[in-house]
Amino acid sequence: MLGYYAKNTRKLQARWNDIFLHLRSWTTFRGFNIVKKNTCAGDVMSKKITRRHFIKASTRLAATAGLGGCGLLLKGCRSKADFDIVIKNGVLYDGRGGEAFSADIGISGSQILEIGKIPHLRGNTVLDAGGRNVCPGFIDVHDHTDIGLLVNPKAESTVRQGITTVISGNCGASPFPVPEAVFEERKESLREQYQIDMDWRDIEGFFSRLSEQGMAVNYATLVGQGTIRGAVMGFNDRPPRGEEIETMKRLVVENIHSGALGLSSGLEYAPGSFALPDEITELCRAAAESGGVYATHMRDEGDFLLESLRETIAVARSTGVRLQISHFKVAYPRNWSKIDEALAAVESADRNGISIFCDRYPYIAGSTGLSFNFPLWARQGTTEEFLHRLLDPGQERGLRGYVEERKAKLGDWGKVVIASVVTEKNRRFEGRSVQEAMEMTGKDAFTLMRDLLVEEKNRVGMVIFMMREENLKRILSHPLVGIGCDGSALAPYGPLGRGKPHPRHYGSFPRVLGKYIRDEKILPLPEMVKKMTSIPAGNFGFEGRGVLEVGGEADIVIWDERRVADKATWKDPHQYPEGIDFVIVNGRVVIREGVHSGELPGRILKHKSARS
Ligand SMILES: [Zn+2]
């Protein structure tokens, strides 16, 4: 029988090629080096099929399945493959910081089942890494993606950076719990901006909404201290009463038990900033007792950076909470020389047994709301109250004084760029500096920003240049600093493609790998990969992620060290990076040769106390 089979290979090969053509119409076959083996076609589906390969493959199949017709052969072939995906010819950085090694990876379902030398035929889908780097998927430890996943679950700007897990809910703000007082206002705002119908009020509701819809990346979140304070006490600057602090502590604990990884604070924003250190300490103690972390955007990152660091470290010392300092920076030229003392404070805390880690994005500009240029006392209360104060002639002197002080810190208004507005009317200001907008309108800085905030109902984003390149490199290369985009999932199309957002949304991880590691060599690559993968996985309790190991979850990125580069710029930020060629999330290929497959295999990664 086998002799007959071999003699007729040419005829059969032609028949297989017919089948192949037919199959191609429904497979998602893309790119020359993907061999989609979801049928017996196996090598036949590769354009590079040779007669020798065909004979070898078909003989083997015939021997196992017999010549019982195409259907049987197809069935026999499927059962032969040991893996859903085999990644061939990769240079592996396993995430633990050691040197790279050459190996193949076999994946079945969402798990890595083998690392070593694996023959092609053992995979249903074979991805040829062709000598490119293969790493655990990157973990973005400081992210703000939440609503964005509902707007566009493909998480384009995130997953295309090689990020497979985001930790959201940072800077004191989470999309839950939603206080009754602002539910309607927020619902209306989301409907207006994104046509989203907000139907959740708490973490469970938000998780169910996300799971129903699906998402391309894994999502984990913190619960925001500012959000909790707003829900319990409103938006005012006063200390909590006894029962209010108890309610806030209860909410911290409940949210962690429902899946939040811990607590975040944004102490430069209202209403979180109204909490004095004692109140933060109480909440952190509750978080620590529940096994949660504390991620903080500190009270000040410029003139009072060192004082803020002391306050933060004291909270961790007295509560034992694991600390994550958000977007570690030294803001404004007059403070840049404080970098030595700031890093020394972090190192000393680490030496003294405090669990401390920081994150940073690889740019010298930050990004936040334009309202940041107005004092905290003016920002307290609701949006309406804030806008009312901006227009109150009795407050103008104080407000102008603060705005002038901001200019003195920055140097000039060219350092502040208007990133996004909501109305068409003000679209012309997007991507313009405040200086340019002043020239366009003939207004002074205070009047310009006040009018914009009032017209846009406080929905104005800005980019602000306030850091030094030399400090950035020291921070990025520091062993206690991971990478966090401090952005959210955007896309160059649809409602997430508006405005001129900070390029960190698209470029952070590729920029670190290309500009800072390959070109400027600020740190050996294995150490940076470790900071992007296993360290955050350990800090946030993601078991089986952040390393390439047998039995681990298959979150994997394949990238080209020669080509990797961020393409997003200040003027043209909605651009995907280059060189991040394949991204696998939970064993499914989301990015293949730079193209999004549309797959949504992301999961919600919950705190261990919430896992059933
Ligand atoms: Zn922040």
### Message
I'm trying to understand the selection: among the residues of region 476-507, which are within 15 Å of the ligand (Cβ to nearest atom) and polar (S, T, N, Q)?
### Response
Ser488
### Near pairs, Cβ below 9 angstrom, 6+ apart or cross-chain, from region 313-337 (over 27 Å from Arg406 (Cα atoms) and within 16 Å of the ligand (Cβ to nearest atom)) to any residue that is assigned to a loop (DSSP other than H, G, I, E, B) and hydroxyl-bearing (Ser, Thr, Tyr)
Leu323/Ser355
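For region 506-530, which positions are in contact with a Ser or Thr (Cβ under 7 Å, 6 or more places away or on another chain) and buried (at least 24 other Cβ atoms within 10 Å of the Cβ)?
Initially, region 506-530 is screened for residues in contact with a Ser or Thr (Cβ under 7 Å, 6 or more places away or on another chain), giving 506, 522-523.
Across region 506-530, the qualifying residue is only Tyr506.
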## Note on the structure
Within region 97-145, residues among the acidic types (Asp, Glu), outside any loop (DSSP other than H, G, I, E, B) and more than 16 Å from the ligand (Cβ to nearest atom) come out as Asp104, Glu114, Asp128
### Query
Does Asp303 fit the bill of being away from the ligand (no atom under 16 Å from the Cβ) and part of a loop (DSSP other than H, G, I, E, B)?
yes
### Summary
In region 279-300, residues that are of a type in the set (Ser, Thr, Tyr) and either part of a strand (DSSP E or B) or within 15 Å of the ligand (Cβ to nearest atom) (or both) total 2
#### Entry: Residue pairs meeting the criteria (Cβ under 7 Å; at least 6 apart or on separate chains; first under 18 Å from Asp486 (Cα atoms), in region 351-365; second of a type in the set (Asp, Glu))
Tyr361/Asp486; Ile364/Glu469
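Go through the residues of region 338-358 one by one and say whether even a single one is among the hydroxyl-bearing types (Ser, Thr, Tyr), buried (at least 23 other Cβ atoms within 10 Å of the Cβ) and within 27 Å of the chain's Cα centre (by Cα). Reasoning before the result, please.
Initially, region 338-358 is screened for residues among the hydroxyl-bearing types (Ser, Thr, Tyr), giving 348, 355.
From what is left, the residues that are buried (at least 23 other Cβ atoms within 10 Å of the Cβ) are none.
No - not one qualifying residue is present in region 338-358.
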### Message
Where the second residue is assigned to a loop (DSSP other than H, G, I, E, B) and among the polar types (S, T, N, Q) and the first is more than 13 Å from the ligand (Cβ to nearest atom) and lies in region 157-177, which pairs have Cβ atoms under 9 Å and are six or more apart or on separate chains?
### Response
Ser157/Ser488; Thr158/Thr145; Thr158/Ser488; Thr164/Asn586; Val166/Thr145; Val166/Ser488
### Query
Would you pick out the residues in region 317-370 that are in a loop (DSSP other than H, G, I, E, B), among the polar types (S, T, N, Q) and farther than 24 Å from Trp570 by Cα?
Asn352, Ser355
#### Entry: Single residue of region 415-444 satisfying the filter (more than 23 Å from Glu301 (Cα to Cα) and either under 23 Å from the mean Cα position of the chain (by Cα) or of a type in the set (A, V, I, L, M) (or both)) that is surrounded by the fewest Cβ atoms within 10 Å (Cβ to Cβ)
Met440
### Message
Between a residue in region 262-285 that is under 9 Å from Thr296 (Cβ atoms) and any residue that is within 16 Å of the ligand (Cβ to nearest atom) and part of a helix (DSSP H, G or I), which pairs come within a Cβ distance under 6 Å, given they are 6 or more apart or on different chains?
### Response
Leu263/Gln225; Ser265/Gln225; Ser265/Gly272; Gly266/Gly226; Gly266/Gly272; Leu267/Ser273
### Task
State all residues of region 146-156 that are more than 16 Å from the ligand (Cβ to nearest atom) and not in a helix (DSSP H, G or I); if no residue qualifies, say none.
Asn152, Pro153, Lys154, Ala155
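Where a number appears in this text, it was derived from the coordinates with a stated rule and is not lab data. All values reported here derive from a predicted model rather than from experimental measurement. Reconstructed Cβ throughout: ideal geometry from the backbone, glycine too, with neighbour counts over all protein chains shown.
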